[in-house]
Amino acid sequence: FRFKDSLAGDVRRADLVISHAGAGSCLETLEEGKPLIVVINEKLMDNHQLELAKRLHRGGHVFCCNCSTLVETLQSMDLSTLKPFPPGQPEKFALFLDNVFGFQ
């Protein structure tokens, strides 16, 4: 499909997600506990997607590749090596903001 309002249901039903390395796509997939291959768009300027993908890969949470290495990645990946992504802790951010603005 070219456009869909939400991919949440598709991600929940998936055994493996292959996605670009956008922050929303990566985090939604990892929060569902799904294995993820991020395909980096090397043509982007100031490539923040590359930075995120490399960081998640270093943490052992995702596999990374580009379009030309996707098939090789699919053939050689071992899903059992992926580490679960730790859940977010929004209460820590709220506490930080309370401290910054003097609400205690």
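Once region 1-18 is narrowed to residues that are at pLDDT below 95 and touching a helix residue (DSSP H, G or I) at 6+ places or on another chain (Cβ under 9 Å), the residue that is least open to solvent (accessible area, probe 1.4 Å) is Ala8.
Quick check on region 32-47. Is at least one of its residues touching a residue at least 12 places away in the same chain (Cβ under 8 Å), assigned to a helix (DSSP H, G or I) and open to solvent by less than 60 Å² (accessible area, probe 1.4 Å)? Give the steps one after another, and end with the answer.
Within region 32-47, the subset touching a residue at least 12 places away in the same chain (Cβ under 8 Å) is 32-42.
If we keep only those that are assigned to a helix (DSSP H, G or I) as well, we get none.
For region 32-47, residues touching a residue at least 12 places away in the same chain (Cβ under 8 Å), assigned to a helix (DSSP H, G or I) and open to solvent by less than 60 Å² (accessible area, probe 1.4 Å): absent.
Scanning region 1-28 for residues that are without any contact (Cβ under 8 Å) to a residue 60 or more places away in the chain and in a loop (DSSP other than H, G, I, E, B) yields Phe1, Arg2, Phe3, Lys4, Asp5, Ser6, Leu7, Ala14, Asp15, His20, Ala21, Gly22.
Evaluation of Ser80 against the conditions (1) closer than 25 Å to Gly9 by Cα; (2) hydroxyl-bearing (Ser, Thr, Tyr); (3) surrounded by 10 or more Cβ atoms within 10 Å (Cβ to Cβ) shows that the sole unmet condition is (3).
Each row is one residue, and each column tells you yes or no for (1) farther than 20 Å from Ile37 by Cβ; (2) under 16 Å from the mean Cα position of the chain (by Cα); (3) modelled with pLDDT of 95 or more; (4) part of a loop (DSSP other than H, G, I, E, B).
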position: Glu51; (1), (2), (3), (4): no, yes, no, no
position: Thr73; (1), (2), (3), (4): no, no, yes, no
position: Ser80; (1), (2), (3), (4): no, no, yes, no
position: Lys83; (1), (2), (3), (4): no, yes, yes, yes
position: Ala94; (1), (2), (3), (4): yes, no, no, no
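The values are calculated or read from the model by the stated rules, or taken from the named source; none is laboratory data. As the structure is a computational prediction, the values presented were derived from the model and not from experiment. We place every Cβ from the backbone using ideal geometry, glycine too, and count neighbours over all the protein chains shown. For the accessible areas, the whole protein counts, side chains as well, though only heavy atoms, and no ligand, DNA or RNA atoms are used. Shrake-Rupley method; radii C 1.70, N 1.55, O 1.52, S 1.80 Å.
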